[in-house]
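The next block holds one structure in the form of structure tokens; read it before the comments.
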Amino acid sequence: MPHASATHRRHSLFRPLLLAVAGALVATATLTLPHLTPDASAATTLRGYADGRGVKIGAAVGDGPLTSDGSYASVLDREFNSVTAENAMKWDALEPSRGNYNWAAADRLVSHAAAHHQGVRGHTLVWYSQLPSWLKNGGFSASQLNTILKNHIDTTVGRYKGKIYAWDVVNEAFNEDGSMRGSLWQDKLGTGYIANALRWAHAADPAAKLYINDYNTEADNAKSDALYALAKQLLAQGVPLHGIGFQSHFTVGQVPSSMKANLKRFSDLGLEVSVTELDIRIPMPASSAELAQQSTDYKTATENCLGVPRCAGVTVWGVSDRYSWVPGTFSGYGAALPYTESYAAKPAYTGLSNGLNPNA
Ligand code: G3I
């Protein structure tokens, strides 16, 4: 009996410890379960389908909603396996005065993504727009600008080395007629700035896929022809160009019929292709017929990429209509994203999901 009571006492002493360990194991298993054995609901999220196909389904993320709107973050983390900073990695946001970087919002997104098993697309290193005034109005010579650009790329790509799987190195370099768009870079440095930017970015993070990104290049047209010619030339010169981003800011009912064939010709060069900024705007108020057409359009645009070899994935330019850039830019248009302002999944969500689901 004494023995029995000693054993009992020993058990009583260890019991809380054993319970705590068991509890921790259960909690860990519960937390990690969705990643180890995706259940039916995980498989039917957008990211569940995308993971199954080895592609990315991304969303552009604003720092404001990410830090202040729990519903936004929970939809983002449930549905998307990739994020793009909607604004936080643009030059004016990152380097508002020369050599003084403000990393806070970009860092927040990169660590949020790591915590939620999301990849990060970097957007964007060289663009004519969103330049800080010290740079735009600095009156710099060509050689000074080269140094400034190289420093910005070295610093930014270097900071996130290994954490960003693809960078939009050059954004919106062309006019609609296929000529090079006038910009601080083009005007002072000539088209050679593109090859230099790609080389500098590659040196700073050799594992990141480096993209040229543009809009109105989804169809076979003068602008995409010029982009195609430049891509071919850069590859022939051994420049580290790995992908082409097709922004895909569409109007309802107007996904270009040549989109898939156009993406395929870039893929046939050995390049990745990605839809990088998909949204489909509707004249407001949106009718149910327009919302149904938008659903079809989301499916078609998604399939146009995933149906092409080397499609790396699709990113939508926002999560919910609550924060879309569309109404502020296209007067009278809106409802461009897969979720309503109150986070109800729209028909567009189903279209996007069906575009990702190979069995739909
Ligand atoms: O951060 C300032 C804030 O300090 C200020 O108080 C406020 C007042 O207007 O402006 C804020 O900056 C705004 C920024 O978004 C962040 O909200 C800019 O004015 C506004 O112009 C900027 O718009 C962004 C736009 O690019 C220009 O950078 C949109 O959110 C963003 O969706 C849009 O994204 C672009 C892609 O980068 C490239 N392709 C086209 C796409 C849509 O235009």
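Give the stretch 132-147 a look and list any residue that's in a helix (DSSP H, G or I) and surrounded by fewer than 17 Cβ atoms within 10 Å (Cβ to Cβ), or say none.
Selection gives Ser133, Trp134, Lys136, Ala142, Ser143, Gln144, Thr147.
If you scan the stretch 162-174, which residues turn out to be closer than 22 Å to Leu271 by Cβ and either part of a helix (DSSP H, G or I) or open to solvent by 10 Å² or more (accessible area, probe 1.4 Å) (or both)?
Hits for the stretch 162-174 are Tyr165, Glu172.
Results for (1) basic (Lys, Arg); (2) within 13 Å of the ligand (Cβ to nearest atom); (3) under 17 Å from the mean Cα position of the chain (by Cα), shown as yes or no for each residue.
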residue	(1), (2), (3)
Leu271	no, no, no
Val275	no, yes, yes
Asp279	no, yes, yes
Glu290	no, no, no
Cys305	no, no, yes
Arg310	yes, no, yes
Gly313	no, no, yes
Leu337	no, yes, yes
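Tell me, please, whether a residue that is open to solvent by 20 Å² or more (accessible area, probe 1.4 Å), within 16 Å of the ligand (Cβ to nearest atom) and modelled with pLDDT of 95 or more can be found in the stretch 197-205.
No - not one qualifying residue is present in the stretch 197-205.
Among the residues of the stretch 103-129 satisfying the criterion of being loosely packed, with under 15 Cβ neighbours inside 10 Å and in contact (Cβ under 8 Å) with a residue 40 or more places away in the chain, which is farthest from the ligand (Cβ to nearest atom)?
For the stretch 103-129, the residue satisfying everything is His117.
Can Gly328 be described as within 16 Å of the ligand (Cβ to nearest atom), open to solvent by 10 Å² or more (accessible area, probe 1.4 Å), over 20 Å from the mean Cα position of the chain (by Cα) and over 23 Å from Leu271 (Cα atoms)?
Yes: the conditions hold for Gly328.
Pick from Leu125, Leu109: which is under 15 Å from the mean Cα position of the chain (by Cα), in a strand (DSSP E or B) and either modelled with pLDDT under 95 or among the hydrophobic types (A, V, I, L, M, F, W, C) (or both)?
None of the others qualify; the one that does is Leu125.
Which residue out of Ala106, Ala73, Ala50 is more than 21 Å from Ser274 (Cα to Cα), in contact with a strand residue (DSSP E or B) (Cβ under 8 Å, 6 or more places away or on another chain) and of a type in the set (Gly, Ala, Ser)?
Among Ala106, Ala73, Ala50, only Ala106 is more than 21 Å from Ser274 (Cα to Cα), in contact with a strand residue (DSSP E or B) (Cβ under 8 Å, 6 or more places away or on another chain) and of a type in the set (Gly, Ala, Ser).
Tell me whether the stretch 156-167 contains one or more residues that are within 16 Å of the ligand (Cβ to nearest atom) and closer than 17 Å to Ile244 by Cβ.
Yes; the residues of the stretch 156-167 include at least one that is within 16 Å of the ligand (Cβ to nearest atom) and closer than 17 Å to Ile244 by Cβ.
Considering only the stretch 149-161, I want to know if a residue exists there that is in contact with a Lys or Arg (Cβ under 8 Å, 6 or more places away or on another chain), of a type outside the set (Ser, Thr, Tyr) and open to solvent by less than 50 Å² (accessible area, probe 1.4 Å). Break it down into steps so the answer makes sense when it comes.
Let us first name the residues in the stretch 149-161 that are in contact with a Lys or Arg (Cβ under 8 Å, 6 or more places away or on another chain), namely none.
No, the stretch 149-161 has no match at all.
Being more than 30 Å from Gly158 (Cβ to Cβ) and surrounded by 18 or more Cβ atoms within 10 Å (Cβ to Cβ) is the filter here; which residues of the stretch 217-230 pass it?
Passing the criteria: Glu218, Lys223, Ser224, Ala226, Tyr228.
Assuming Ser295 fulfils every condition listed in (1) in contact with a Pro (Cβ under 6 Å, 6 or more places away or on another chain); (2) open to solvent by 60 Å² or more (accessible area, probe 1.4 Å) apart from one, which condition is it?
So Ser295 meets the others, but not (2).
Within the stretch 206-223, is even one residue assigned to a helix (DSSP H, G or I) and out of contact with any Ser or Thr (no Cβ under 7 Å at 6 or more places or on another chain)? Working first, answer last.
Filtering the stretch 206-223 for residues assigned to a helix (DSSP H, G or I) gives 222-223.
If we keep only those that are out of contact with any Ser or Thr (no Cβ under 7 Å at 6 or more places or on another chain) too, we end up with 222.
Within the stretch 206-223 (the criterion being assigned to a helix (DSSP H, G or I) and out of contact with any Ser or Thr (no Cβ under 7 Å at 6 or more places or on another chain)), the answer is yes, since at least one residue qualifies.
So which of Gly243, Gly238 ends up being of a type outside the set (A, V, I, L, M) and open to solvent by 10 Å² or more (accessible area, probe 1.4 Å)? Before you say what the answer is, go through the steps one by one.
Values: Gly243 fails: open to solvent by 10 Å² or more (accessible area, probe 1.4 Å).
Unique residue meeting the criteria: Gly238.
Under 7 Å between Cβ atoms, which residue pairs at least 6 apart in sequence (or on different chains) link something in the stretch 246-261 that is on the phi > 0 side of the Ramachandran plot with a partner that is of a type in the set (S, T, N, Q) and at pLDDT 95 or above?
Close Cβ pairs (under 7 Å, with a partner that is of a type in the set (S, T, N, Q) and at pLDDT 95 or above) amount to Gly253/Gln293.
Kindly list, by first and then second residue, each pair from a residue in the stretch 82-98 that is under 17 Å from Leu145 (Cβ atoms) to a residue that is within 8 Å of the ligand (Cβ to nearest atom), limited to pairs with Cβ atoms under 8 Å and residues at least 6 apart or on different chains.
Taking only residues 6 or more apart or on different chains, the pairs are Trp91/Trp127; Trp91/Gln130; Asp92/Gln130.
Looking only at the stretch 53-63, how many residues end up being under 19 Å from Ala115 (Cβ atoms) and touching a strand residue (DSSP E or B) at 6+ places or on another chain (Cβ under 7 Å)?
Qualifying residue count, the stretch 53-63: 6.
Taking the condition of being more than 16 Å from Ala115 (Cα to Cα) and either more than 15 Å from the ligand (Cβ to nearest atom) or open to solvent by 10 Å² or more (accessible area, probe 1.4 Å) (or both), how many residues in the stretch 64-90 meet it?
9
The values are calculated or read from the model by the stated rules, or taken from the named source; none is laboratory data. Just so it is clear, the structure is predicted and the values come from calculations on it, not from any experiment. Using ideal geometry, Cβ is built from the backbone for each residue, glycine included, and neighbour counts are taken over all protein chains shown. Surface accessibility is based on the protein's heavy atoms, side chains included, excluding ligands, DNA and RNA. Shrake-Rupley method; radii C 1.70, N 1.55, O 1.52, S 1.80 Å.
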